[in-house]
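Shown next, in structure tokens, is the structure this report addresses.
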Amino acid sequence: MIRKAQIDDIKAIHNLLQIYSSKGELLPRPFSKLYDHLRDFIVYIDKDSDKIIGCCALQFCWEYLAEIRSLAVHPDYLRQKIGTALAETVLAEAKLYKIEKVFTLTYKPGFFESIGFTQIDKSELPLIKIWSDCLLCVNFPNCDEIALIKDIS
């Protein structure tokens with residue numbers, strides 16, 4: 001089941017993101033940022049255990065542009081199309097807001113390409129977006145994430 005995240009979900013979201021950030025596969029998100037962006041998140045709940053096993057956020061960046069962020073699925077539940085369901089849910093939400101393009105910065109471009117994203121150069125994204133998040137990154141200024149975009153208009 002996919003639903004909007006609730007305040008009680010923050011610790012579980014943080015723990016899930018930590019799995020991948022500790023491996024360098026996802027940028028870490030401190031609790032303060034998760035609380036600030038709670039309304040951006042959706043979660044995937046395992047029907048058997050009622051535990052959060054996936055999460056994803058949609059952040060609006062500009063009048064026509066949004067970003068998929070913090071897409072993560074617990075390793076025990078990979079290859080079950082949970083990530084795809086989460087991504088499709090936030091893409092549908094973006095359409096409701098009349099967003100034209102959705103981008104992501106990722107270490108897993110193959111997943112996003114499989115759902116219709118194409119690689120672009122990071123210079124094609126608004127500079128304010130890149131620099132605001134990059135300043136907090138452990139890899140700054142040597143970013144090795146791959147930028148991808150999807151036209152949903």
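Quick notes on this one:
- In the chain, a dipole from Cβ-located charges (positive for Lys and Arg, negative for Asp and Glu) runs towards its positive end, and of Leu65, Ser123, Ile7 it is Ile7 whose Cα lies farthest in that direction.
- Rounded to 10°, Cα long-axis angle of helix 82-96 versus longest principal axis of the chain: 60 degrees
- Positive-pole candidate from Ile152, Leu34, Tyr107, dipole of the chain, charges at beta carbon: Leu34
- Going by neighbour counts of Cβ atoms within 10 Å, the residues Arg69, Arg39, Arg79, Arg29 line up, fewest first, as Arg79, Arg39, Arg29, Arg69.
- Residue exposure proxy: Lys47, Lys4, Lys108, Lys150, ordered by other Cβ atoms within 10 angstrom of their Cβ from fewest to most, comes out as Lys47, Lys4, Lys108, Lys150.
- Taking the DSSP bridge list for segment 2-151 and keeping only pairs wholly inside it, about 90 percent are antiparallel.
- If the chain linking Leu38 and Lys108 were pulled fully straight, counting 0.36 nm for each residue of separation and taking away their Cα-Cα distance, it would gain 22.8 nm.
- Three-way shape call for segment 14-68 based on the alpha-carbon gyration tensor, with the a/c threshold at 1.5: oblate
- Sorted by Cβ density within 10 Å, fewest first, the residues Leu27, Leu86: Leu27, Leu86
- Amide H contacts under 5 Å for Tyr107, placed H, 5+ residues apart: Ile146
- Degrees separating the helix 10-21 axis from the principal Cα axis of the chain, which is the longest one: 60 degrees
- The dipole here belongs to the chain: it is taken about the Cα centre, uses +1 on the Cβ of Lys and Arg and -1 on the Cβ of Asp and Glu, and is about 200 debye.
- Among the chymotrypsin sites (Phe, Trp or Tyr not before Pro) in segment 1-89, those located in a DSSP loop and surrounded by at most 16 other Cβ atoms within 10 Å of their own Cβ are Trp62, Tyr64.
Any read-out appearing in this document is the output of simple, stated calculations on the displayed coordinates, not a laboratory observation. Since the structure is predicted, the reported quantities are computational estimates derived from the model, not experimental observations. No Cβ is skipped: glycine too gets one built from the backbone with ideal geometry, and neighbour counts run over all protein chains shown.
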